[in-house]
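Notes follow once the structure below has been shown.
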Amino acid sequence: MFTALTTAALAASIIFPPGGAPGTTPPPDHITIDVVTVNGSGCPAGTAAVAVSPDNKAFTVTYSEYLAQVGVGAKPTDFRKNCQLNLRVNVPQGFTYGIARADYRGFAHLEAGATGMQRANYYFQGMSPTEYRTHNYRGPHSDNWQATDETELAAIVYSPCGEKRNFNINTELRVNAGTSDPKKTTSFLSMDSTDGAVNTTYHFAWKECK
């Protein structure tokens, strides 16, 4: 199933452990995801989409305007972009899910002296957020980037069995000109894709409710 964001765009990438490991066998019935709210400068309305994998092991988020930048052509507020996503994951009765790994991808062009940062956290409604996982990048750099946040199986936080808890994802991109010259150069960090080739992937850790 494919769900397009109609209220606003997305900004995050999270992945879960591969099938076969204890606690990760997905339910047989296909899940669906409803986008409840999306807010943030990195995800304006209509610029992101969510798709669930056929095997129930993951879902992906694709953005088209998630870009932080400084320098020529950039607005003063463009150095930081963020997105807060609230999802309702509809799972079959008798199952619950958590997050074990998050994969983030994008492209970065950082001039010498400039720096970039990507960070994210997530939590279930009514529960404490996880600590932010932060990844830093330094110029000169002009290439694709990829970051992975991974949680040990024993430390995975699951949605409480039998309760409807929305799933929240917070992500942020930041660029600092540093010692580069923002009057002559442009540095940017993006997590967007114009052709769907770059996306964020969330892999589910599943557990049967007793």
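Listed here are the residues, each with its yes/no results for (1) touching a residue at least 24 places away in the same chain (Cβ under 8 Å); (2) farther than 17 Å from residue 39 by Cβ; (3) outside any strand (DSSP E or B).
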position: 77; (1), (2), (3): yes, no, yes
position: 87; (1), (2), (3): yes, no, no
position: 109; (1), (2), (3): yes, yes, no
position: 112; (1), (2), (3): yes, yes, yes
position: 127; (1), (2), (3): yes, yes, yes
position: 142; (1), (2), (3): yes, yes, no
position: 168; (1), (2), (3): yes, no, no
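Note on the stretch 175-203: residues that are exposed (fewer than 13 other Cβ atoms within 10 Å of the Cβ) and aliphatic (A, V, I, L, M) total 1. Exactly one residue among 116, 139 is of a type outside the set (Ser, Thr, Tyr), under 18 Å from the mean Cα position of the chain (by Cα) and open to solvent by less than 40 Å² (accessible area, probe 1.4 Å), and that residue is 116. For the stretch 175-206, filtered to residues that are among the polar types (S, T, N, Q) and assigned to a loop (DSSP other than H, G, I, E, B), the residue that is modelled with the lowest pLDDT is 194. The sole residue among 70, 35 that is at pLDDT 90 or above, assigned to a strand (DSSP E or B) and hydrophobic (A, V, I, L, M, F, W, C) is 70.
Here is the figure for the stretch 144-154: residues that are part of a helix (DSSP H, G or I) and crowded, with 19+ Cβ neighbours inside 10 Å total 0.
So for the stretch 155-174 (the condition being basic (Lys, Arg), surrounded by 13 or more Cβ atoms within 10 Å (Cβ to Cβ) and either modelled with pLDDT of 95 or more or touching a strand residue (DSSP E or B) at 6+ places or on another chain (Cβ under 9 Å) (or both)), does at least one residue qualify? Yes - at least one qualifying residue is present in the stretch 155-174. Among the criteria (1) crowded, with 22+ Cβ neighbours inside 10 Å; (2) at positive phi, the one residue 126 does not fulfil is (1).
Would you pick out the residues in the stretch 93-107 that are open to solvent by 10 Å² or more (accessible area, probe 1.4 Å), in contact with a Pro (Cβ under 8 Å, 6 or more places away or on another chain) and assigned to a strand (DSSP E or B)? Within the stretch 93-107, 95, 101 meet the criteria.
The values are calculated or read from the model by the stated rules, or taken from the named source; none is laboratory data. Remember, predicted model here, so these are calculated numbers, not experimental data. Positions of Cβ are generated from backbone atoms using ideal geometry, with glycine treated the same way; all protein chains shown enter the neighbour counts. The protein model used for the area step is the full one, side chains on, heavy atoms only, and it has no ligands, DNA or RNA in it. Shrake-Rupley method; radii C 1.70, N 1.55, O 1.52, S 1.80 Å.
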